[in-house]
Amino acid sequence: MRKIKVIASFFILSLVMIVVYAYADTEVSGLITEDTTWTLNNSPYVLVDKVGVDYQVILTVEPGVQVKSNAGPFYYIKVMGKIIAQGTSSNPIIFTALVNNPSNSGWGGFEFVLNGENKQSWEGSLFEWCEFSWLQFGIRSIEIYNQSENPILVVRNCKFLNISRNGISFEENCLIENNYFTKCGYEDSWNETQCIFVGNGSSIIGNTIENNYNDAIYAYQCEIFGNIIVQNQGNGILTKYSTMFSNIICDNLCGVICRDSTLTHNLICNNSTGVSTCNNTINYNSIFNNEKYYNISVQNDFLGVWDPCTIGSDATNNWWGTIDENEIQESIYDYYDDWELGEVNYTPWLIEPDPNVPTSSTTSTPNLPCIIEELYSEHSKEANLLRYFRDNILSQTSEGQEIISLYYQWSPVIVKAMVEDAAFKNEVNEMIDGILPTIRELVE
């Protein structure tokens, strides 16, 4: 217990030492016309107007940098050249609002303008280990005139949290890999947003997309592989001319809405409808418990546009959660229910799941014990103040980032000690209460 008390005291002392420093913002605006680096020493960078990255110009953002604004969607970073924002797992780059407020749709994020004039300029832009939060858009493209053989954009190991509209909206040839999307689309009254909206040769690989307010993926002519798409209020995947394999697609509105596509080795379960289909090849999947409507349904419209579907779909060799043919038939809506629709051929079917289908739809990581929440409760004014201090002061220096890392490393142990020893809990509470006024003065 003595060791734990020493560690807790160390945290408090470190906070006291850090709060004596003031951190000046670096205001940015206008067109960047030469290669530029946004450094951790000058972070945070605050947009006070639109920022542009000119043709043949590279903007590099160092690990740990924060870029912020509260000016709304008319402030954004327009990329006509290239951006390299490469953080690390322990020191991500943060793009966020000055104040995290769902009533504010956030600044406009990154807007790529891509055409023949700047084709070689923007190939290979990279966002890696970045966090996008409380923005209107994360990353989007406005114009693309020329196709590229190489990925125009790579987004890897990033988080998209509380984006009011699209997380990524990019028209062609990007790689979106191992990212996390949650609570996106909260300001979309027209139900027109997706976490990921991409097309023309893009790859969507290994992402987790959960608990969003609208659709997870809209893709055209893409590869969609190894994603976890669960518990979204909208649909899982909407696509044409795409290949989908080894995805987990569960507990959404409709799991997959697709035409002229291939689905192989996917787990599609517990959605209102499993697959809305027309002219698809659907083999070796597990499709079951989509019980509000159907496991598979042939539809005469695609995304609200009337598009009659008289062509059948090959849905052979799937596992339907049962080997009873009557039950399988009842879970399929096709020609035999409406003669204007195409037929779904489901014979033969599997008598057990294919071993190559992923089996788990559980994605959420349990919350770790937190000292501040144990003392003050999750939504208290003290907890909100200390979170703001963490995100806007501590995270701006390497010393502060080390304190944050150690805090989360030792929090479970210290919380356990506080639960077991009320006197120790009171000591920690008194120490933190003692520095709250100083922290409040610094952040106000």
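When Val16, Val53, Val6 are checked against the criterion of being at pLDDT 60 or above and of a type outside the set (Asp, Glu), a single residue qualifies: Val53. Just to be sure before I move on: is Gln233 modelled with pLDDT under 95, polar (S, T, N, Q) and in contact with a Leu (Cβ under 9 Å, 6 or more places away or on another chain) in the structure I sent? Judged against the criteria, Gln233 is a match. The set of residues in the range 272-294 that are of a type outside the set (Ser, Thr, Tyr), at pLDDT 95 or above and assigned to a loop (DSSP other than H, G, I, E, B) contains only Asn285. Remark: pairs (first residue in the range 376-392, part of a loop (DSSP other than H, G, I, E, B) and modelled with pLDDT under 80; second residue surrounded by 13 or more Cβ atoms within 10 Å (Cβ to Cβ) and not acidic (Asp, Glu); Cβ separation under 9 Å; 6+ apart in sequence or on different chains) = Ser377/Ala383; Glu378/Cys370; Glu378/Ile372; Ser380/Ile372. Count of the range 235-253 residues, restricted to those that are over 23 Å from Glu172 (Cα atoms) and either outside the structural domain of Ile311 (by TED's automatic domain parsing) or buried (at least 23 other Cβ atoms within 10 Å of the Cβ) (or both), is 4.
Flag set for Lys50, criterion: surrounded by fewer than 20 Cβ atoms within 10 Å (Cβ to Cβ), of a type in the set (Lys, Arg) and in a strand (DSSP E or B). Do you know which residues across the range 78-96 are of a type in the set (A, V, I, L, M) and touching a residue at least 40 places away in the same chain (Cβ under 8 Å)? Residues satisfying the conditions are Val79, Met80, Ile83, Ile84, Ala85, Ile94. Looking only at residues of the range 393-410 that are hydroxyl-bearing (Ser, Thr, Tyr) and buried (at least 18 other Cβ atoms within 10 Å of the Cβ), we find that the one that is modelled with the highest pLDDT is Tyr407.
The values are calculated or read from the model by the stated rules, or taken from the named source; none is laboratory data. The shown structure was predicted, so the numbers you read here are calculated from the model rather than taken from an experiment. All Cβ positions, even for glycine, are placed from backbone atoms using ideal geometry, and neighbour counts span all protein chains on display.
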